[in-house]
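Report on the structure given below.
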Amino acid sequence: MIQSIHRFLFLLLASSFILFSSCSKEKELDFIMTDCNEVAKAFQYFETLSNDRNYVSRYEIQDDCFVFYLNTNEIVALPDKCIDDYSENPATSQLTITFNEGSVLTLTYGSLLELDFTYNPYKHTPLSGLIELQTDKAGLLKIIIEHKDPEKGEFIKTFSHPGGFREYPVLGLFFSHMNTLTFQYVIDGTIVYSDIYEVPVGDPPDYLPEIIIDVVKEDKMTLGMHLVSYRSKGNPTVAFMFDNDGEVRWLLDYTNHPDLSWLNFDVGMERLRNGNWYFGNWPSQNLYEADMTGQIINQWDIPGYEFHHNIQEKENGDFLVTATKWGSKHENDLWAIEDHILELDRLSGNIKTVWDLKESLDESRRSLGTDEFQGVIDWIHVNAVQEDPRDNTIIVSSRFQGIFKLDYNNNVKWILSPPRGWETNGRGEDLNPYLLTPVDASGQLIADAKIIEGVENHGDFEYPWMQHAHFIHPNGNLFMFDNGDRRNYDFREIYSRAVEYEIDEVNMTARQIWQYGKERGTNTFSRIVSDVDHHPDKNNILFSPGAWVDNGNGTLGGKIIELNYDTKEVVFEARLNAPGIVFHRVERLSLYPE
């Protein structure tokens with residue numbers, strides 16, 4: 001570890017002055033030394049004072065003593081008879097005291113400003129550091145990182161510091177580079193502190209993917225970096241962010257963590273509204289919150305359950321969690337996995353609501369397949385959950401049973417799925433009335449039975465197949481990544497899509513509004529995992545197939561594609577070449593939380 005510690009005292013100089021009254025009030029003063037042979041005590045005292053982050057705020061000289069006023073409101077003194085001379089240096093804001101025996105004590109006094117910098121403080125983020133700032137003067141902390149390419153300029157981050165003690169992350173260093181960092185502190189427009197640090201960072205780990213940037217149109221892109229919740233490495237899974245040049249600028253790797261060295265965050269890490277990360281660890285009952293330097297801030301448990309796939313922060317700050325209940329039995333007496341949803345109170349850690357999907361859905365349905373192994377059945381395979389705050393419901397995505405809306409009493413509101421095989425749920429209720437009927441672009445019911453069943457596609461409508469990563473668009477419509485696995489119940493057409501549906505809950509219909517990806521065929525096909533997001537600032541869609549994607553020349557991996565919603569112009573495209581599942585989710589985020 002590189003640890004550089006710089007301390008600096010910014011002084012508001014107070015003019016020294018001499019009082020011609022005697023220092024007869026010795027009993028009110030705490031003398032650091034009483035004999036001129038005890039000079040070492042003075043040096044020791046002021047060194048301890050500095051180490052404890054205390055300081056001399058001002059001084060004055062009385063007839064026979066040198067009086068120091070401390071920031072702790074204490075008053076201490078030295079006998080004037082032991083001091084040969086003293087002087088002030090306004091340029092350095094220092095007071096120099098020369099003792100009779102020749103030793104020189106240099107003090108800085110005024111208002112404290114202490115800045116400590118530590119590289120990779122918790123051993124999990126090799127492209128990051130941490131500033132500890134202590135000052136009783138409000139100001140601006142400016143962090144400047146020089147780009148490894150001089151033509152690229154500098155990366156500047158400014159924090160408003162209210163005074164007191166705070167910690168600030170330093171993010172965005174480069175691998176294989178001697179990083180030059182400048183830290184400045186500014187008060188009322190004046191730079192009162194400035195220092196430069198040279199931080200060498202070694203080569204990137206071998207497990208990172210090859211990143212190839214094919215399209216960059218920065219003026220048309222959403223600002224930020226590309227967060228990848230990376231799966232190809234194996235455990236511990238890692239998260240990293242890369243810039244538009246393909247340079248990795250942030251990496252979180254818990255290999256050295258005592259509890260997370262085998263982390264599998266499944267879907268991945270996402271950013272809370274407070275700026276920290278949140279994620280679960282499969283297969284365990286543990287959920288975590290961590291900051292940008294990898295420090296674990298909070299941990300929650302879901303006793304009796306096992307996390308898998310996804311955690312979602314609700315508007316009120318609580319969590320929705322996809323879970324497996326230990327010992328939960330399927331109708332065939334196998335252990336049923338990945339078929340529960342939990343609502344977790346974030347403050348208390350208590351489970352508030354439980355949705356057992358065997359009660360609300362049809363656990364006997366096999367129309368899109370199922371997985372059975374070693375006494376376990378994965379009949380639904382939930383992969384995502386989102387709240388719909390408009391009517392206090394949740395929307396759940398599953399691999400084998402489509403996508404559906406539930407209320408907080410576990411009642412079905414609607415189901416978007418090919419209709420083959422739906423019968424009754426665990427309560428004996430017929431589920432067919434809840435199936436959404438497809439309509440064409442004009443809103444007219446589609447009459448063709450093969451299209452309704454999902455055997456064939458309409459020019460205006462296709463069902464989603466094995467979808468992931470759904471969300472509610474600001475216009476109220478439902479977006480998702482339609483993987484297209486087993487499309488039309490077979491493998492005739494191989495493509496994945498980002499797709500938007502308008503759900504009419506009164507008339508129980510689904511109208512396809514927008515799609516992208518079908519025209520690219522196997523070039524963006526991912527039969528599992530994958531992500532889609534909307535960025536309203538440029539009205540762009542981030543379309544990210546994440547596993548075994550054809551990246552050309554026999555290479556497989558994942559892709560990140562940003563395109564304009566209105567024109568479908570691709571404004572960014574990157575290939576991530578790596579084996580297996582490269583990622584579940586990717587996000588476009590600012591490096592520093594906003």
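What residue, among those in the range 497-514 that are surrounded by fewer than 16 Cβ atoms within 10 Å (Cβ to Cβ) and not aliphatic (A, V, I, L, M), is farthest from residue 529 (Cα to Cα)?
507
Picking from 447, 441, which residue would you name as being free of Cβ contacts under 8 Å to residues at least 40 places away in the same chain and either under 31 Å from the mean Cα position of the chain (by Cα) or not in a strand (DSSP E or B) (or both)?
On the way: 441 fails: free of Cβ contacts under 8 Å to residues at least 40 places away in the same chain.
Answer to the selection: 447.
Of the residues in the range 515-573, how many are among the hydroxyl-bearing types (Ser, Thr, Tyr), over 14 Å from residue 222 (Cβ atoms) and surrounded by fewer than 20 Cβ atoms within 10 Å (Cβ to Cβ)? Steps first, answer last, please.
Taking the range 515-573 first, the residues among the hydroxyl-bearing types (Ser, Thr, Tyr) are 516, 522, 524, 526, 530, 544, 555, 565, 567.
Okay, now just the ones that are also over 14 Å from residue 222 (Cβ atoms), so 516, 522, 524, 526, 530, 555, 567.
If we keep only those that are surrounded by fewer than 20 Cβ atoms within 10 Å (Cβ to Cβ) as well, we get 522, 555, 567.
Here the count works out to 3.
This table checks each residue for (1) in contact with a strand residue (DSSP E or B) (Cβ under 9 Å, 6 or more places away or on another chain); (2) within 23 Å of residue 384 (Cα to Cα); (3) in a helix (DSSP H, G or I); (4) small (Gly, Ala, Ser).
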| position | (1), (2), (3), (4) |
| --- | --- |
| 420 | no, yes, no, no |
| 457 | no, no, no, no |
| 465 | yes, yes, no, no |
| 470 | yes, yes, no, no |
| 479 | yes, yes, no, no |
| 499 | yes, yes, no, no |
| 514 | yes, yes, no, no |
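Here is a check on your reading of the model: is residue 359 at pLDDT 95 or above, surrounded by fewer than 24 Cβ atoms within 10 Å (Cβ to Cβ) and in a helix (DSSP H, G or I)? So that I can check it myself, show each step before the final result.
Working: at pLDDT 95 or above: yes; surrounded by fewer than 24 Cβ atoms within 10 Å (Cβ to Cβ): yes; in a helix (DSSP H, G or I): yes.
So residue 359 fits the description; yes.
Please pick out the residue among 249, 231 that is of a type in the set (D, E, K, R), over 30 Å from residue 337 (Cβ atoms) and crowded, with 21+ Cβ neighbours inside 10 Å. It would help to see each step written out before you state the result.
Values: 231 fails: over 30 Å from residue 337 (Cβ atoms).
Matching residue, one of 249, 231: 249.
Let's see how each residue does on (1) over 30 Å from residue 268 (Cβ atoms); (2) surrounded by fewer than 22 Cβ atoms within 10 Å (Cβ to Cβ):
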{"residue": "376", "(1), (2)": "no, yes"}
{"residue": "390", "(1), (2)": "no, yes"}
{"residue": "402", "(1), (2)": "no, no"}
{"residue": "428", "(1), (2)": "yes, yes"}
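Which ones in the range 56-102 are small (Gly, Ala, Ser) and under 56 Å from the mean Cα position of the chain (by Cα)? Break it down stepwise before answering.
Going through the range 56-102, the residues small (Gly, Ala, Ser) turn out to be 57, 77, 87, 91, 93, 102.
If the condition is that a residue be small (Gly, Ala, Ser) and under 56 Å from the mean Cα position of the chain (by Cα), then 57, 77, 87, 91, 93 are the ones that fit.
Out of the residues in the range 325-340 that are surrounded by fewer than 22 Cβ atoms within 10 Å (Cβ to Cβ) and assigned to a strand (DSSP E or B), state the one that is nearest to the chain's Cα centre (by Cα).
Restricting attention to the range 325-340, the residues satisfying the condition of being surrounded by fewer than 22 Cβ atoms within 10 Å (Cβ to Cβ) are 325-335.
Imposing the further condition that a residue be assigned to a strand (DSSP E or B) reduces the set to 325, 329, 335.
Details: 325: 28, 329: 36, 335: 34 Å.
The selected residue is 325.
Can you pull out every residue in the range 170-182 that is within 11 Å of residue 127 (Cα to Cα) and in a strand (DSSP E or B)? Spell out the reasoning first.
Filtering the range 170-182 down to residues within 11 Å of residue 127 (Cα to Cα) leaves 170-177, 179.
Of everything in the range 170-182, those that are within 11 Å of residue 127 (Cα to Cα) and in a strand (DSSP E or B) turn out to be 170, 171, 177, 179.
Just checking, how many residues over the range 255-283 are in a loop (DSSP other than H, G, I, E, B), among the small types (Gly, Ala, Ser) and surrounded by 17 or more Cβ atoms within 10 Å (Cβ to Cβ)? Explain how you work it out, then say what you get.
Of the residues in the range 255-283, the ones in a loop (DSSP other than H, G, I, E, B) are 255-269, 272-276, 282-283.
Going one step further and asking which of them are among the small types (Gly, Ala, Ser), we end up with 261, 268, 275.
Narrowing the set further to residues that are surrounded by 17 or more Cβ atoms within 10 Å (Cβ to Cβ) leaves 268.
Summing the residues that are in a loop (DSSP other than H, G, I, E, B), among the small types (Gly, Ala, Ser) and surrounded by 17 or more Cβ atoms within 10 Å (Cβ to Cβ) in the range 255-283 gives 1.
Given the condition acidic (Asp, Glu) and within 20 Å of residue 135 (Cβ to Cβ), answer yes or no: does some residue in the range 56-72 qualify? It would help to see each step written out before you state the result.
Step one: of the range 56-72, the residues acidic (Asp, Glu) are 60, 63-64.
Then drop every residue that is not within 20 Å of residue 135 (Cβ to Cβ), which leaves none.
Among the residues of the range 56-72, not one is acidic (Asp, Glu) and within 20 Å of residue 135 (Cβ to Cβ), which makes the answer no.
Please go through the range 156-189 and pick out each residue that is more than 22 Å from residue 294 (Cα to Cα) and among the polar types (S, T, N, Q).
Once the filter is applied, which keeps residues that are more than 22 Å from residue 294 (Cα to Cα) and among the polar types (S, T, N, Q), the range 156-189 yields 160, 180, 182, 184.
Return the residue satisfying two criteria in turn: it lies in the range 430-451 and is over 12 Å from residue 508 (Cβ atoms) and touching a Pro at 6+ places or on another chain (Cβ under 8 Å), and of such residues it is surrounded by the most Cβ atoms within 10 Å (Cβ to Cβ). It would help to see each step written out before you state the result.
Looking only at the range 430-451, we keep the residues that are over 12 Å from residue 508 (Cβ atoms), and these are 430-431, 440-444, 446-451.
Applying the additional criterion that residues be touching a Pro at 6+ places or on another chain (Cβ under 8 Å) yields 446, 451.
Values: 446: 16, 451: 20.
Ranking the qualifying residues of the range 430-451, first place goes to 451.
Tell me, yes or no, whether the range 550-557 has at least one residue that is within 28 Å of residue 127 (Cα to Cα) and either within 22 Å of the chain's Cα centre (by Cα) or not assigned by TED's automatic domain parsing to the domain that holds residue 267 (or both).
no
For (1) modelled with pLDDT under 95; (2) out of contact with any Leu (no Cβ under 7 Å at 6 or more places or on another chain); (3) of a type in the set (A, V, I, L, M), each residue gets a yes or a no:
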| position | (1), (2), (3) |
| --- | --- |
| 216 | no, yes, yes |
| 221 | no, yes, yes |
| 247 | no, yes, no |
| 254 | no, no, no |
| 259 | no, yes, no |
| 317 | no, yes, no |
| 322 | no, yes, no |
| 325 | no, yes, no |
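For the range 42-126, give me every one of the strands (runs of 3 or more DSSP E) that falls completely inside it and has 3 or more residues that are among the aliphatic types (A, V, I, L, M) and crowded, with 18+ Cβ neighbours inside 10 Å. Walk me through it before giving the result.
Numbers: elements: 56-62, 65-70, 75-79, 83-89, 94-99, 104-108, 111-119.
By residue number, 75-79, 111-119.
Which residue out of 405, 450 is assigned by TED's automatic domain parsing to the domain that holds residue 270 and either in contact with a Leu (Cβ under 6 Å, 6 or more places away or on another chain) or under 25 Å from residue 484 (Cβ atoms) (or both)? So that I can check it myself, show each step before the final result.
On the way: 450 fails: assigned by TED's automatic domain parsing to the domain that holds residue 270.
405 is the lone residue from the list that is assigned by TED's automatic domain parsing to the domain that holds residue 270 and either in contact with a Leu (Cβ under 6 Å, 6 or more places away or on another chain) or under 25 Å from residue 484 (Cβ atoms) (or both).
Look through the range 454-496, keep the residues that are more than 30 Å from the chain's Cα centre (by Cα) and among the polar types (S, T, N, Q), and return whichever of them is surrounded by the most Cβ atoms within 10 Å (Cβ to Cβ).
488
In the range 131-144, what residues are surrounded by fewer than 22 Cβ atoms within 10 Å (Cβ to Cβ), part of a strand (DSSP E or B) and not acidic (Asp, Glu)? Walk me through how you get there before you give the answer.
Of the range 131-144, the ones surrounded by fewer than 22 Cβ atoms within 10 Å (Cβ to Cβ) are 131-132, 134, 136-138, 140-142, 144.
Now restrict to residues that are part of a strand (DSSP E or B): 131-132, 134, 140-142, 144.
Matches in the range 131-144: 131, 134, 140, 141, 142, 144.
Please tell me if residue 463 is in contact with a Ser or Thr (Cβ under 8 Å, 6 or more places away or on another chain) and free of Cβ contacts under 8 Å to residues at least 40 places away in the same chain. Quick ask: steps written out before the conclusion?
Working: in contact with a Ser or Thr (Cβ under 8 Å, 6 or more places away or on another chain): yes; free of Cβ contacts under 8 Å to residues at least 40 places away in the same chain: no.
In short, no.
What pairs can you find where one residue is in the range 191-212 and surrounded by 15 or more Cβ atoms within 10 Å (Cβ to Cβ), the other is small (Gly, Ala, Ser) and assigned to a loop (DSSP other than H, G, I, E, B), and their Cβ atoms are less than 8 Å apart, with a gap of 6+ or different chains?
201/176; 204/176; 209/232; 209/578; 211/246; 212/246
The values are calculated or read from the model by the stated rules, or taken from the named source; none is laboratory data. Keep in mind it's a predicted model, so treat the numbers as computed, not measured. Reconstructed Cβ throughout: ideal geometry from the backbone, glycine too, with neighbour counts over all protein chains shown.
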